[in-house]
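Read through the structure below, which is laid out as structure tokens, and then see the notes.
Nothing in this text is a laboratory measurement; each read-out follows from the coordinates by a stated rule. Computed from a predicted structure; not experimentally measured. Don't worry about glycine lacking a Cβ; one is built from the backbone with ideal geometry, like all the others, and counts go over all protein chains shown.
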């Protein structure tokens, strides 16, 4: 988790070198069929310095769904996320985004078509809220009026008062910074969002509030979301499906109801460990 802000900034530097990236298919496109596979892992393995991080991963993510990757620390969840945007390259197998292997994508074009939300938020401290949200549209050469309208549209969408636009990240609460992070990820209207424990550092009340707001937002926008968490209650509340990871392998994939009712050893063990919070996680289901 701690390396994400640096990876994001590294990716930002590469984004600023090219201005002709073609975006991925958007939710309003005719190709936005909920059965259409947007992301696919085909027998993916990743080994670094002799250590297996991901092994034999076969997985698909469909258009408009929220796939939650659930598992303990070190189980391969974040590594899987990094394989999607080509921060890691598979040792074997292939990862496809929009039916094209990530190794065949221009990494800049790929990453500019994907929104990122991370636990540390990664806001640029010397930029105002408005400039942070406007970052990618500015890089892409949007007109100033269009950027201004988009920033304030997104601030309203994520529940931020327009009066915060000229404040700096250090002047915001944790919840406000996280909302700015979500708005920034949505700024260029990407088809895919990758979210790595985005609410994990927040207090329980703020976290619960943002989870509810995000679910409402996802129902409205219909993005394709891959969401990493180790919290079962969060997975049950937000996920269309849940992929359970253990030691670099996908242990099983379930709907929330299937996860709560199945007898698979991994799911049973996770439910047992979280037996006190699982009922809260099923709120709204």
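Worth a mention:
- Virtual paramagnetic centre 7 Å along Cα→Cβ of residue 201, amide N under 15 Å, in the stretch 149-188: 169-182
- Taking other C-beta atoms within 10 angstrom as a stand-in for reagent exposure, 136, 95 fall in the order 136, 95, fewest first.
- Distance distribution note for the stretch 100-141: the fraction of Cα pairs above 15 angstrom is 56%.
- With Cα atoms defining each centre, the stretch 103-165 and the stretch 222-278 are spaced 30 Å apart in the structure.
- Overall form of the stretch 130-198 per C-alpha gyration tensor (a/c, 1.5; a/b vs b/c): oblate
- Kirkwood-based Rg to Rh ratio, the stretch 61-205, C-alpha trace: 0.99
- The slack between residue 156 and residue 219, meaning 0.36 nm per residue of separation minus the straight C-alpha distance, is 21.1 nm.
- Across the stretch 146-267, C-alpha contacts under 8 Å between residues 6 or more apart give a mean separation that, scaled by the residue count, equals a relative contact order of 18 percent.
- For the pair residue 144 and residue 257, the difference between a 0.36 nm per residue extended length and the Cα-Cα distance amounts to 36.0 nm.
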